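Everything on this sheet refers to the single structure shown next.
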Amino acid sequence: MRVVYGGKSIDLADTVRQILRPDRKQLYDPWFESYHQWFGEDRKVDRYVRYLKTLLAQAGVQLEGASVLDAGCGFGLTALFLNLLGAGEVHGLDCHAGMIRTFNAYLTFLPYDLRTYPCLGDVAEMPYADGAFDLVLSIEAVSHYRHWPQFLAEAARVLRPGGTLVIADSNNRRHRRTVRRTHRIWAAFENGPPTENIFGHRVTTPFVAKRLEMLENAYPNLSVDELDELSRQTSGLWGKHVLVAADAYVARGVWPNSRWDGRSCPLDPTSGCYIENLLDPLELVDRLRRLGLRAWARAYFGGARGGVVQLANRLMTPPALSVTTLLFSSAYRVFARRQDDAE
């Protein structure tokens, strides 16, 4: 797919190939190659761009000249595409240092006068002024946020009057098959065993083993049994919080008593992110309305290729039927608009 940017015709697939060149691998986070290996084919790049255009059309958003925030931008390819598709400026915010480092690295190779700005930070505490953006996007990211209610409040704060929030995700808590599948993903990430593929996810080191390694390094004098028990009783904690809980045990004999219950999403103890949380799109809508935004939800059944599937998706998912249609789709869209002062 070709776009015109800065008066030049640009092939988006060729842009991706420039980024993925083997001689640049050493400058990127090791996760980047496997994370975006599906982007190596022209047709998949084209399909993803159509997906973005369809998503923006559903939201009634005009991208041309808009100031955009991609919240939970990952390695930044979505933010890059949005800029090349006509956004005036795109800011990408993510808490993963390796992703932002990679994003910054490949931007230096691209021969375009881009207005794309990566930023390391937390979507629950955005480093942006009130009313900074026309559009805030969260694409397959909200289910990884540690504090998603705070993200909604921050998104409402940084939207300009008339601005739009778009949330797209595939972890619908109202869809029973998705719930069953996600519970199996949670168990694999929390307790293992390592696996190359569980519903598209690769588990190298289970979270309990990551916590055990942290504890072994910090408390080499504790017994094997004590370390093992501490690693299991610090589920849901991350970083220094794991060690603070262990300090209480060492100092006062108080166990953390935070075992994984099998019904909540485990937290990565090194990044502090959820692996795949389950959220109710109608709860998101309710919270956004309480923040003063006009909000609605839609089920999403696919259609990025266009044609009959896209037409059927549009006809089957009007917001008025969302209570019913959201029961039958793993994916959902939540849209919210901040009222214009003139409205």
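Looking at segment 34-42, can you tell me whether even one residue there is surrounded by 20 or more Cβ atoms within 10 Å (Cβ to Cβ), in the same structural domain as Arg146 (by TED's automatic domain parsing) and over 19 Å from Tyr145 (Cα atoms)? Steps first, answer last, please.
Just the residues of segment 34-42 that are surrounded by 20 or more Cβ atoms within 10 Å (Cβ to Cβ), to begin with: none.
No: zero hits.
Would you check if there is a residue in segment 69-83 being among the β-branched types (Val, Ile, Thr) and part of a helix (DSSP H, G or I)? For segment 69-83, residues among the β-branched types (Val, Ile, Thr) and part of a helix (DSSP H, G or I): present. Total residues in segment 108-157 satisfying the condition of being among the hydroxyl-bearing types (Ser, Thr, Tyr), in a loop (DSSP other than H, G, I, E, B) and touching a residue at least 60 places away in the same chain (Cβ under 8 Å): the figure is 2.
When Asp280, Asp286, Asp261 are checked against the criterion of being farther than 19 Å from Asp169 by Cα and either of a type in the set (Asp, Glu) or touching an Asp or Glu at 6+ places or on another chain (Cβ under 8 Å) (or both), a single residue qualifies: Asp261. Can you tell me which residue among Gly162, Gly131 is touching a Pro at 6+ places or on another chain (Cβ under 9 Å) and surrounded by fewer than 23 Cβ atoms within 10 Å (Cβ to Cβ)? Result: Gly131 is the single residue among Gly162, Gly131 that is touching a Pro at 6+ places or on another chain (Cβ under 9 Å) and surrounded by fewer than 23 Cβ atoms within 10 Å (Cβ to Cβ). Kindly establish whether Leu55 is within 15 Å of Ile139 (Cβ to Cβ) and part of a helix (DSSP H, G or I). Here the answer is yes, as Leu55 does meet what is asked. Would you check if Val61 is in contact with a strand residue (DSSP E or B) (Cβ under 7 Å, 6 or more places away or on another chain), touching a residue at least 40 places away in the same chain (Cβ under 8 Å) and closer than 20 Å to Leu12 by Cβ? In short, yes. Taking each residue of segment 279-293 that is under 10 Å from Trp148 (Cβ atoms) and looking for partners that are assigned to a strand (DSSP E or B) and modelled with pLDDT of 95 or more with beta-carbon atoms closer than 6 Å, six or more apart or interchain, yields Leu284/Val334. Each residue in segment 84-99 was checked for being in contact (Cβ under 8 Å) with a residue 40 or more places away in the chain, closer than 27 Å to Ile275 by Cβ and either outside any helix (DSSP H, G or I) or not assigned by TED's automatic domain parsing to the domain that holds Leu20 (or both), and 3 of them qualify.
Here the helices (runs of 4 or more DSSP H) wholly within segment 277-331 that include at least 1 residues being modelled with pLDDT under 70 and closer than 22 Å to Thr54 by Cβ are 307-316. Of all residues in segment 203-232 being loosely packed, with under 12 Cβ neighbours inside 10 Å and not polar (S, T, N, Q), which is farthest from Ala331 (Cα to Cα)? Taking the candidates together, the pick is Pro220.
All of Arg47, Arg17, Arg24 fail the test of being of a type in the set (D, E, K, R), surrounded by fewer than 17 Cβ atoms within 10 Å (Cβ to Cβ), farther than 14 Å from Ala105 by Cα and over 23 Å from the mean Cα position of the chain (by Cα), apart from Arg17.
The values are calculated or read from the model by the stated rules, or taken from the named source; none is laboratory data. No experiment lies behind these values; they were computed from the predicted model shown. In this analysis, Cβ positions are derived from the backbone assuming ideal geometry, glycine residues included, and neighbour counts consider all displayed protein chains.
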